[in-house]
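Chemist: Quick one: the structure is below, and I'll ask about it shortly.
The values are calculated or read from the model by the stated rules, or taken from the named source; none is laboratory data. All values derive from a computational prediction rather than experimental measurement. Reconstructed Cβ throughout: ideal geometry from the backbone, glycine too, with neighbour counts over all protein chains shown. When the accessible area is computed, the model is the full protein with side chains, heavy atoms only, and any ligands, DNA or RNA have been set aside. Shrake-Rupley method; radii C 1.70, N 1.55, O 1.52, S 1.80 Å.
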Amino acid sequence: MALSGLDIYKLLPKTNCRKCGLATCLAFAMQLAKKALAVEKCPFISAEAKTILEEQALPPIKPVILGGDNLKFELGNETVMFRHEEKFRNPAALGFIIEDNLADSKIRGQIEKINQLKFERVGQLLEVNLIAIKQNTGADRFLEVSELVLNNTVLPVMLISGDIDALKQAAAVAAVRRPLLYCATKDNFSQIAAIAKEFQLPLVAAAQDIDELAHLTKGLNALGIRDLILDTGEKNVADKIWDLTQLRRQALKKSNRALGYPSLAIVDKTDPYEEAMEAAAYIAKYAGIVLIKGLESWEVLSILTLRQNIYTDPQKPLQIEPKLYPVGKTTKESPVLITTNFSLSYYTVLSEVEASKIPSYILSVDTEGMSVLTAWAAEKFNAESITKSLDKCAIRDVVVHKNLIIPGYVAILSGDLEEQSGYKVIVGPKEAAGIPVFLKNLN
Amino acid sequence: METQLVLEKWAGVISALTIGANKEDGGSRANIVRIGGQGSLPLLFKEGSIPNRPVIAFEIWDTPPQDWPDDLTSAYGKVLNDPFAWADKCVNELKAQLLCVRMQGAHPDFGNKDPGEAANFISALLTRVKVPLIIIGSGDDSKDNLILPACSEAAKNERCLIGCAVQDNYKTLVASVLADGHHIIAESPIDINIAKQLNILISDMGLSLERIVINPTIGALGYGLEYAYSIMERARLAALSGDKTLASPFICFVGQETWRTKEAKAGYEQGVIWEIITATSLIQSGADLLVMRHPAAVEKVAGYIDSLFNK
Ligand code: SF4
């Protein structure tokens, strides 16, 4: 939690000497609290107070970068407990565990599948983020499989091994890709820290208990390691949710630096449905990285869609540019369907129009990203706004006919819209799913 | 321990409510279902009491469903043509703890059942199955104002949950529910202020806040799930902080929303997992009652609930 002006005042010399340019120390403290001035403006501040103030200016959950220069992403840097307060910033990374005891051909197949796990939804590309290589046999095999993975994917990697030498060799091979090392524990942390330090790599710190975890990160900090990810180990789902919640609270509500890092959750389930439920729970509740094994595209799509939902900006719904969109090989006879510029509305209509294979125009009206019914209730989707959009896209130069199709839910607009636009209104289906049949029966 | 846990202390508690009345309570149900009563945010068991689990209700219709995709209808087969056989299958074979019956057949476009027929249907259903009932209207407001009072009366003293009351149409339903000893579902369009307002309006008519379940009108996974998710979180935070007018359990129509999405028609597994993740994500934000459709999805979500609560 940020220090208040009063908290900061207590740390200042309280002499009101005016060197900082302000009349009193309290006034200066207020400016610091607003982050309007720098600490350095006060020449008399104690070193101790300065450290406290500088530290509190840092993000409460340290941003940690995973991956090398070619493909990297940021984790952490979150600021709130609940998404209605502010957008969750860095979407949880979804990674896949590859076991090194499998045959090369099998592993190649898995990598290939992972590389292809990309989906487009409401205009956004949904991607997976990480491959974790897990050592189950000897050091040589771990190294071999690490190379196999590195050579066959551009995704950032993570190295999972309890064998310090094996981990060191694999880290050396993968160094340019900045692999995430797994994991430092209270027993091995100085050795692991040496590897992380030598190759400048991020590191997972693991302990079952969060107090122990805080000790561990302090120990690692003392060795100069600051890019950390936290893991509280294998737990049942409810205990894991508790841990993840507690870690987030420690960082945000108590400014506990020792626990102010992104977190990791490993799902260990063989049933894809169970695996997805657990992964979804951790994504909703604060995990920075979630590791799974399942590669079915239906499973991965459901997890990534949940992530997209949770990490959407609650203040700014996903919207598209309001304009006329031709779909397919349109002609001057093609039907014109009207919807809003809320991404979900537009893309739902789009996919149904595409499915119908009937070239059409979709006019997306500027409703400030509101959906059909919400926009209608807020009077952003009415005869006026639709007519304005029609004029703006010069519809009469685009099609020769005089028909508009509006969503079934706003049938009530028909009269007004016909009057204002001079077009004939055809009421379309309520649900987008009805569009293909509707378009086929139009003529 | 140096690291002090950050624990929230809540002043408020979610209202607890029982659906179904057994013999002692003047009804004829073989089992009853309790929901709500939490003194904690969802699934944070170490912080407050969570006395009741989220409960899944199987959705059945009083008429064969028209627009259900094949992967859903094939899970039930022929029984979809006979609501009573359908109800039997849910209770006997699929072990439903309660049923949510949608009176779709009363809709002017889907059979236009009159109030007498609707009442007879509910009476027969109550004889046929002994689990508690949730009764939902056809979606046509003026028609529902005729048939729901009839259904309510036919189920008098069985302590059903009946819905949905909305801001501009709640009085008729509230009066019936009051007269016949049921509970009510208050539906608000993803809007916390309307949810609160409607709860106040209903309680002003004499139906206590403890007899209201909120329907926050969810979207399915990928279809605006996050809106209801956050409304539910906000309402829970307000309720636990002491706002009694928002301290109602939530009912989420998971099946209805899932099985009209594109994904639900894109293959068996895709549809089933879509319903599953919609359900479990809403459990995460506070769902108390999940109305679901696909037996395979229900089975997985029930297993998940068990794993959360049987630690
Ligand atoms: S320079 Fe420092 S000591 Fe002097 S008034 Fe400003 S804050 Fe106070």
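Chemist: Roughly what % of DSSP beta bridges within the range A:324-440 run antiparallel, to the nearest 5? Display every interim value, and only then the final one.
Modeler: On the way: 4 of 14 bridges.
Approximately 30 percent, going by the DSSP bridge assignments.
Chemist: Per-residue HN-Hα couplings for the range A:378-392, Karplus 6.51 cos²θ - 1.76 cosθ + 1.60 at θ = phi - 60°, whole Hz, x for Gly and Pro?
Modeler: 8, 6, 9, 10, 9, 4, 5, 5, 5, 4, 4, 5, 5, 5, 4
Chemist: Helix A:139-152 sits at what angle to the longest principal axis of chain A, using alpha carbons and giving 0 to 90 degrees rounded to 10?
Modeler: That helix lies at roughly 30 degrees to the long axis.
Chemist: Once the Cβ-Cβ distance between residue A:331 and residue A:70 is put in as r, and R0 is 41 Å, what FRET efficiency do you end up with, to the nearest 0.05?
Modeler: Values: r = 44 Å, r/R0 = 1.08.
Efficiency for this residue pair is about 0.40.
Chemist: Then there's this: Say the cut-off is 32 Å between C-alpha atoms; which of A:35/B:46; A:87/A:424; A:50/B:46; A:269/B:46; A:134/A:253; A:14/A:285 go over it? Before the final figure, lay out each step's value.
Modeler: Numbers: A:35/B:46 37 Å; A:87/A:424 42 Å; A:50/B:46 38 Å; A:269/B:46 24 Å; A:134/A:253 35 Å; A:14/A:285 43 Å.
Where the Cα-Cα span goes over 32 Å, the pairs concerned are A:35/B:46; A:87/A:424; A:50/B:46; A:134/A:253; A:14/A:285.
Chemist: Can you send over the carbon and sulfur percentage of the accessible area for chain B, probe radius 1.4 Å, protein chains only?
Modeler: Working: 5410 of 11080 Å².
Carbon plus sulfur share of accessible area: 49 percent.
Chemist: Also, quick follow-up: Tell me, Kirkwood radius of the range A:5-57 from alpha-carbon pair distances, in Å?
Modeler: Working: mean 1/r = 0.0939 Å⁻¹.
Its Kirkwood hydrodynamic radius stands at 10.6 Å.
Chemist: In square angstrom and rounded to 100, what buried accessible area do you get between chains B and A, total over both, with the probe at 1.4 Å?
Modeler: Values: alone 13170 and 21400 Å², together 30360 Å².
Adding both sides of the contact gives about 4200 Å².
Chemist: State the percentage of accessible surface on chain A attributable to carbon and sulfur atoms; use a 1.4 Å probe and exclude ligands, DNA and RNA. Can you show the working numbers first?
Modeler: Working: 10000 of 19290 Å².
Carbon-and-sulfur percentage of accessible area, whole number: 52.
Chemist: I've got another one for you. Please give, to one decimal in nm, the separation of the simple spin-label points placed at residue A:269 and residue A:440, each 7 Å out from Cα toward the Cβ.
Modeler: If labels sit at residue A:269 and residue A:440, their model points lie 3.8 nm apart.
Chemist: Filter the DSSP H helices in chain B by two things, a Kyte-Doolittle mean of at least 0.5 and an axial alpha-carbon span of 20 angstrom or more, and list the hits by number.
Modeler: Numbers: long enough: B:225-240 (23 Å, 0.35); B:268-285 (26 Å, 0.46); B:295-309 (21 Å, 0.66).
Within chain B the helices that satisfy the rule are B:295-309.
Chemist: Give me the base-10 log of I(q)/I(0) for the protein assembly as shown at each q in 0.09, 0.11 Å⁻¹, Debye formula, one uniform scatterer per Cα, rounded to two decimals.
Modeler: Here the Debye-derived log intensity ratios amount to -0.94, -1.26.
Chemist: In whole angstrom, how far apart do the alpha carbon centroids of the range A:287-344 and the range B:119-169 sit?
Modeler: 37
Chemist: Under the rule of at least 5 residues apart or a separate chain, name every residue whose amide H is placed under 5 Å from the amide H of residue A:79.
Modeler: So residue A:79 has HN proximity to A:89.
Chemist: Please identify, among A:97, A:303, A:412, the residue showing maximal mean-square fluctuation in a Gaussian network model of chain A using a 10 angstrom Cα cutoff.
Modeler: Of A:97, A:303, A:412, the Gaussian network model singles out A:412 as fluctuating most.
Chemist: Right, next: Residue A:289's amide H: which non-local residues (gap 5+, or another chain) put their own amide H closer than 5 Å, with H modeled 1.01 Å from N in plane and none for Pro or chain starts?
Modeler: The list, which skips near neighbours in sequence, is A:93, A:263, A:264, A:265.
Chemist: Taking the Cα centroid of the range A:259-275 and of the range B:85-117, what is the distance between the two, rounded to the nearest whole Å?
Modeler: 39
Chemist: Grab the range B:62-159 and count how many Lys pairs have their alpha-carbon atoms under 20 Å apart, sequence gap of 8 or more, or different chains. Write out the running numbers ahead of the final one.
Modeler: Working: B:78/B:89; B:78/B:95; B:89/B:130; B:95/B:130; B:113/B:143; B:130/B:156.
Here the count comes out as 6.
Chemist: Could you list which residues have their amide H under 5 Å from that of residue A:71, counting only those 5 or more apart in sequence or on another chain, with H placed in the peptide plane?
Modeler: Result for residue A:71 returns nothing.
Chemist: Sticking with the crude label model, points 7 Å out along Cα→Cβ, report the distance from residue B:265 to residue B:123 in nm, one decimal please.
Modeler: 4.0
Chemist: Follow-up question, since we're still on this one. Straight distance only, please: which aspartates and glutamates reach the Cα of residue A:62 with their own Cα at less than 16 Å, same-chain residues fewer than 8 apart left out?
Modeler: Cross-link targets: A:54, A:74, A:78, A:227, A:231.
Chemist: Additional query: Compute the angle between helix A:297-310 and the longest alpha-carbon principal axis of chain A, please, reported from 0 to 90 degrees and rounded to the nearest 10.
Modeler: Between helix and principal axis, roughly 90 degrees.
Chemist: Ignoring solvent entirely, what values of log10 I(q)/I(0) come out of the Debye formula for chain A at 0.07, 0.08, 0.10 Å⁻¹ when each Cα is a single scatterer?
Modeler: The Debye formula, applied to the Cα set alone, gives -0.51, -0.64, -0.86.
Chemist: List for the range A:265-285: residues with 40 Å² or greater reduction in accessible area, all protein chains versus chain alone, probe 1.4 Å?
Modeler: A:273, A:277, A:285
Chemist: On average, how much accessible surface per residue is there in the protein assembly as shown, in Å², for a 1.4 Å probe, leaving out ligands, DNA and RNA?
Modeler: Here the residues of the protein assembly as shown average 40 Å² of exposed surface.
Chemist: Only Cα pairs within less than 10 Å get springs; with that Gaussian network setup on chain B, which residue of B:79, B:272, B:301 has the largest fluctuation?
Modeler: Largest GNM mean-square fluctuation: B:79.
Chemist: Given R₀ = 25 Å, FRET efficiency for residue B:45-residue A:311 by Cβ-Cβ distance, to 0.05?
Modeler: Details: r = 26 Å, r/R0 = 1.04.
That gives a FRET efficiency of 0.45.
Chemist: Only bridges with both residues in the protein assembly as shown count here: give the DSSP antiparallel percent, nearest 5. It would help to have the intermediate numbers written out before the result.
Modeler: Details: 18 of 81 bridges.
Just about 20 percent of them are antiparallel.
Chemist: Output the antiparallel fraction of DSSP beta bridges having both residues in the range A:64-310, as a percent to the nearest 5. Don't skip to the answer; put the middle values down first.
Modeler: Values: 8 of 35 bridges.
If I count the DSSP bridges inside the range A:64-310, around 25 percent turn out antiparallel.
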